[in-house]
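A short write-up of the structure that comes next.
The values are calculated or read from the model by the stated rules, or taken from the named source; none is laboratory data. Worth saying up front: this structure is predicted, and the values here are computed from it rather than measured. Ideal geometry is used to build each Cβ from the backbone, glycine not excepted, and the neighbour counts take in all protein chains shown. Surface areas here come from the heavy atoms of the whole protein model, side chains and all, with no ligands, DNA or RNA. Shrake-Rupley method; radii C 1.70, N 1.55, O 1.52, S 1.80 Å.
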Amino acid sequence: MRISELSAASGVAIPTIKYYLREGLLPAGEQTSATRARYGEDHLRRLRLIRALLEVGRLPIASIRRVIEAVDDRTLSLHHVLGTAQYAIAPPVEPDASGQDWTEARARADALIEELGWRIDPAAPTRQELAQVILTLVRLGMPADGEALLPYASTALNLVTEHEMRAIPVDGPREAAVEALVLGTVLHGRVLDIMRRLAHESVSARVFADTRAGTRADTRADTSDDAPDGTGPPG
């Protein structure tokens, strides 16, 4: 296909495609004349990946280039390639300036990962993310030990194992695998967060809507002889 057709098929403007070509993010097409080149499905697939990294992953060009380089490096395992993309879209976390508190939070994060038996790179930015959340929980006086966090780990593992990772096409082009990972991580992460908030509202309506402060709809004791169902007038 010509560059105009590639633009129409991908939804990427011609000047932008030319920019990607100059930056080496998109491989050159097959030259058919001094001023024209032919492009194929590989170029369309690469443009889809770039758009996913740029528009969904919100990565700068420098980070996109690192992911593309990993995709093109056939000496790297698919695990390494997917990890490069995963680390690229992780939000940056700087160690807290307070020192000891941060060290303890990072130790808790590492201990939880070890308890789970998960194979996580020591330099993974997600370790820093987890430490930051643990530190915030501790400072707010909320539970931040393994007992409080393990249910989330169990949910995450079930979600990833049964749904997200199995949706990644491992037998096709690496671009497709990385695109699926980025879209799944970002968009399914948003879906999970939205569903949690919807569930919060639903459970709150069931448990707290008809109760006074300090009581639950499903645990209130019968306090009135005249109201065997526990719904008597306020005392």
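Please work out if Ile50 is within 27 Å of Gly11 (Cα to Cα) and not in a loop (DSSP other than H, G, I, E, B).
Numbers: within 27 Å of Gly11 (Cα to Cα): yes; not in a loop (DSSP other than H, G, I, E, B): yes.
It is true that Ile50 is within 27 Å of Gly11 (Cα to Cα) and not in a loop (DSSP other than H, G, I, E, B).
Within region 13-25, is even one residue assigned to a helix (DSSP H, G or I) and in contact with a Phe, Trp or Tyr (Cβ under 9 Å, 6 or more places away or on another chain)?
Step one: list which residues in region 13-25 are assigned to a helix (DSSP H, G or I), which gives 14-23.
Still in the list and also in contact with a Phe, Trp or Tyr (Cβ under 9 Å, 6 or more places away or on another chain): 17.
Looking through region 13-25, at least one residue is assigned to a helix (DSSP H, G or I) and in contact with a Phe, Trp or Tyr (Cβ under 9 Å, 6 or more places away or on another chain).
Within region 40-61, identify whether any single residue is touching a His at 6+ places or on another chain (Cβ under 7 Å) and open to solvent by less than 60 Å² (accessible area, probe 1.4 Å), and answer yes or no.
Narrowing region 40-61 to residues touching a His at 6+ places or on another chain (Cβ under 7 Å): none.
Looking for residues that are touching a His at 6+ places or on another chain (Cβ under 7 Å) and open to solvent by less than 60 Å² (accessible area, probe 1.4 Å), one finds none in region 40-61, hence no.
So that you can scan it fast, the table gives a plain yes or no per residue for (1) among the small types (Gly, Ala, Ser); (2) touching a strand residue (DSSP E or B) at 6+ places or on another chain (Cβ under 6 Å); (3) over 10 Å from Glu175 (Cβ atoms):
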site	(1), (2), (3)
Thr32	no, yes, yes
Glu41	no, no, yes
Ala52	yes, no, no
Glu55	no, no, yes
Pro60	no, no, yes
Arg66	no, no, yes
Asp73	no, no, yes
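Between a residue in region 52-78 that is under 23 Å from Leu187 (Cβ atoms) and without any contact (Cβ under 8 Å) to a residue 12 or more places away in the chain and any residue that is of a type in the set (Val, Ile, Thr) and part of a helix (DSSP H, G or I), which pairs come within a Cβ distance under 7 Å, given they are 6 or more apart or on different chains?
Filtered contacts from region 52-78: Leu54/Ile64.
Looking only at region 67-103, count how many residues are in a helix (DSSP H, G or I) and crowded, with 16+ Cβ neighbours inside 10 Å.
Just the residues of region 67-103 that are in a helix (DSSP H, G or I), to begin with: 67-72, 78-89, 100-103.
Now drop any that are not crowded, with 16+ Cβ neighbours inside 10 Å, which leaves 67-68, 70-71, 81-89, 102.
Of the residues in that region, 14 qualify.
In region 123-147, which residue that is in a loop (DSSP other than H, G, I, E, B) and either touching a Phe, Trp or Tyr at 6+ places or on another chain (Cβ under 6 Å) or more than 18 Å from Ala88 (Cβ to Cβ) (or both) is least open to solvent (accessible area, probe 1.4 Å)? Steps first, please.
Step one: list which residues in region 123-147 are in a loop (DSSP other than H, G, I, E, B), which gives 123-124, 140-145.
The next check asks that each one be either touching a Phe, Trp or Tyr at 6+ places or on another chain (Cβ under 6 Å) or more than 18 Å from Ala88 (Cβ to Cβ) (or both); those that pass are 140-145.
Details: Leu140: 123, Gly141: 68, Met142: 100, Pro143: 89, Ala144: 8, Asp145: 76 Å².
Checking each candidate, the answer is Ala144.
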